Amino acid sequence: MPYIREIVTDGHPTLRKVAKKVDPKEISDPLFQQLIDDMFETMYAAPGVGLAAPQVNVSKRLFVMDVQDDEHQPAVVINPKIELAEEEIEMTEGCLSVPGYVGEITRYKHVAITGLDRHGHKIRLEGEGLFAQCLQHEIDHLNGVLYIDKAKNIRKPETEEEQEIADAAAAEATPTSPV
Ligand code: ZN
């Protein structure tokens with residue numbers, strides 16, 4: 001049974017490490033599969049739209065995400081690599097590991113990544129808006145980077161929409177404008 005793991009917050013050393021590449025042979029290990037299930041459980045409980053392994057104190061290169069729209073399925077990505085990044089835009093962002101704050105960050109509007117799924121099969125994900133923002137945010141976590149390192153105007157939320165981003169009630173990372 002999956003269980004909810006503790007989400008570590010800014011100041012925890014694991015968030016600042018470059019996470020280790022996952023050995024593809026490890027993916028079929030029941031403990032690794034349990035980690036994936038637990039990460040989904042933890043993300044949905046938060047609630048958030050994305051969660052990287054370092055946020056549950058596991059320094060490995062994988063993340064889960066579910067932006068909950070009609071276009072994209074829930075996904076787990078192991079050893080992700082950015083293949084394409086186009087057109088910079090500014091977005092409002094929050095993070096489950098930096099609770100209670102939002103900031104403005106420059107992200108690529110359109111990205112494509114490759115990696116492995118939970119069966120060790122190669123996958124490619126491509127998208128725009130919140131989906132692309134979330135991919136970049138989660139990959140940053142795997143490199144020990146938090147959005148607050150790059151963001152401007154980091155603040156307590158001032159509007160209801162910003163409050164939702166900070167609480168991750170709507171999303172871990174939400175674009176400023178609808179997408
Ligand atoms: Zn985050």
> Name the residues in region 92-110 that are of a type outside the set (Asp, Glu), within 16 Å of the ligand (Cβ to nearest atom), out of contact with any Gly (no Cβ under 6 Å at 6 or more places or on another chain) and assigned to a strand (DSSP E or B), would you?
Replying inline: THR92, GLY103, ILE105, ARG107
> Is at least one residue of region 79-91 within 24 Å of VAL22 (Cα to Cα), touching a helix residue (DSSP H, G or I) at 6+ places or on another chain (Cβ under 7 Å) and within 16 Å of the ligand (Cβ to nearest atom)?
Replying inline: yes
>> If VAL77 meets every condition in (1) closer than 23 Å to ASP149 by Cα; (2) buried (at least 18 other Cβ atoms within 10 Å of the Cβ); (3) among the β-branched types (Val, Ile, Thr) apart from one, which number is that one?
In response: (1)
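Out of the residues in region 19-56 that are more than 16 Å from the ligand (Cβ to nearest atom) and not in a helix (DSSP H, G or I), which is surrounded by the most Cβ atoms within 10 Å (Cβ to Cβ)?
Applying the filter and picking the extreme gives ILE27.
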> Given VAL58, VAL64, which one is in contact with a strand residue (DSSP E or B) (Cβ under 7 Å, 6 or more places away or on another chain) and on the phi < 0 side of the Ramachandran plot?
Replying inline: VAL64
>> Considering only residues that are away from the ligand (no atom under 16 Å from the Cβ) and farther than 19 Å from GLU88 by Cα, which ones fall in region 116-144?
In response: LEU116, ASP117, ARG118, HIS119, GLY120, HIS121, LYS122, ILE123, ARG124
> So which residues in region 1-45 are of a type outside the set (Val, Ile, Thr), farther than 22 Å from ASP167 by Cβ and in contact (Cβ under 8 Å) with a residue 40 or more places away in the chain?
Replying inline: ARG16, LYS17, ALA19, LYS20, LYS21, PRO24, SER28, GLN33
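A short reminder: the numbers here are calculations on the coordinates, not readings from a lab. Just so we're clear, the structure is a prediction, and the values are computed from it rather than from any experiment. With ideal geometry, Cβ positions are generated from the backbone for all residues, glycine too; neighbour counts draw on all protein chains shown.
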